[in-house]
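Some notes on the structure that comes next.
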Amino acid sequence: MKSFVCKEFGPLENISWTEIPEPLIEAGKVRVRIHFSSIGFMDTLMIRGLYQLKPPLPYIPGACGAGEVIEVGSGVSEIKVGDRVSFLNYYGAFAEQIITDEASIVVLPDAMSYEQAATYRLSYNPAYLGMVYRAKLQPGENLLVTGASGGVGLAAVRLGKVLGARVIAAIGTADKEDIVRQAGADEVVSYTSGPPLREQVKALTEGKGADVILDVVGGDVFDECMRCLNFMGRVIVMGFTSGRIAEAKTNLILLKNASILGVFLGGWMTRDLKGIKQLNKDLLGLAVEGKIPAIISQRFPMKDAVLAMDTLLSRKTAGKIVLYNEF
């Protein structure tokens, strides 16, 4: 089988598309022929050795994908050969096949394509965990989403509308306004132009600020978020795409009776298998109803994964980027 292999942490160009021996399946494992995989910032960070988790080298990059089950190991009880599935791990997805734990697998409804299935767990899973499980977003609340044109951001915008919130989408460049409005944003603000973000948000909320803020940007944007948070508000910390890990001023947390909520999907889903199973059941229900389609901006052959990741890092795209195998 062919896969990308990362032999040492460093530039993305270090990984290579190469032939490797087909691994043997073990008990409790499932072999999936991968049709589509999706790309996230986590993948690019891990290859460069900048992610909090460093896999043993050499490793196959890529966290999320979808395809057809072609073999199951002994002890596998709920998955069978021929099932259409998605999977989510830390690595292994930039390949023609993956062998993964049964617990990482979700069987897909007939209405969901492989392409859509390869994207939703890296975007809708963390957004749902943050807004529903952690922040307990309520109908009628003001939700501010930073990095709103990215994969998680667009998922949060769409989910926010499904949950009955008024959604304010914060973007970096004006050319991304159309896509966040397509996802359902009620209002659009910028954190790179115009008045400070805090002023724009307060102007849209009668001076109160946002009730829930989902932040994937960090840095200066997080600092502004803390200044436009409503009393009893909740900030979901989900990433630092700006490159700077911000520090929360505890006096603002105190004065606003605010909550700062960390959301790390990978750390949670391995500790609460029952919870992640229910979360995916909820999301698949919404998917079947057509309420949470992923917006896919670009598609690349699997062998062009490096080009696809460079495209992601250019910040000139909106929505999800997917890779496909040409069988």
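Brief remarks follow.
- Phe300 passes every criterion in (1) at pLDDT 95 or above; (2) surrounded by fewer than 16 Cβ atoms within 10 Å (Cβ to Cβ); (3) of a type outside the set (Ser, Thr, Tyr); (4) within 20 Å of the chain's Cα centre (by Cα) apart from (2).
- Of all residues in region 183-193, at least one satisfies being buried (at least 24 other Cβ atoms within 10 Å of the Cβ) and under 24 Å from Gln116 (Cβ atoms).
- Matching residues in region 219-247 - criterion: being closer than 17 Å to Ala203 by Cα and aromatic (Phe, Trp, Tyr): Phe231
- Test: residue in region 132-154 that is of a type outside the set (S, T, N, Q) and touching a Phe, Trp or Tyr at 6+ places or on another chain (Cβ under 7 Å): no
- For the residues Ile236, Ile253, the requirement of being crowded, with 20+ Cβ neighbours inside 10 Å and modelled with pLDDT of 95 or more singles out Ile236.
- Of all residues in region 144-179, those satisfying the criterion of being crowded, with 21+ Cβ neighbours inside 10 Å, free of Cβ contacts under 8 Å to residues at least 60 places away in the same chain and not in a strand (DSSP E or B) are Ala148, Ala156, Val157, Gly160, Ala165.
- Listing of helices (runs of 4 or more DSSP H) fully contained in region 237-295 that carry 1 or more residues being over 19 Å from the mean Cα position of the chain (by Cα) and more than 29 Å from Ser37 (Cα to Cα): 250-255
- Residue satisfying all of: in region 31-59; buried (at least 20 other Cβ atoms within 10 Å of the Cβ) and of a type in the set (A, V, I, L, M); nearest to Ile296 (Cα to Cα) among these: Ile39
- Cross-chain or 6+ apart pairs with Cβ under 8 Å, region 5-16 first and in contact (Cβ under 8 Å) with a residue 12 or more places away in the chain and surrounded by fewer than 14 Cβ atoms within 10 Å (Cβ to Cβ), then among the small types (Gly, Ala, Ser) and in a loop (DSSP other than H, G, I, E, B): Gly10/Gly49
- On the stretch given as region 80-105, residues that are assigned to a loop (DSSP other than H, G, I, E, B), surrounded by 19 or more Cβ atoms within 10 Å (Cβ to Cβ) and hydrophobic (A, V, I, L, M, F, W, C) total 2.
- Given (1) over 27 Å from Ala127 (Cβ atoms); (2) in contact with a Gly (Cβ under 8 Å, 6 or more places away or on another chain), index of the condition Ala63 fails: (1)
- Residue check, Ala127 in contact with a Phe, Trp or Tyr (Cβ under 7 Å, 6 or more places away or on another chain), part of a helix (DSSP H, G or I) and buried (at least 20 other Cβ atoms within 10 Å of the Cβ): no
The values are calculated or read from the model by the stated rules, or taken from the named source; none is laboratory data. Only a predicted model underlies this, so the values are computations on that prediction, with no experimental measurement involved. Methodologically, a virtual Cβ is constructed for each residue, glycine included, from the backbone with ideal geometry; neighbour enumeration extends over all protein chains shown.
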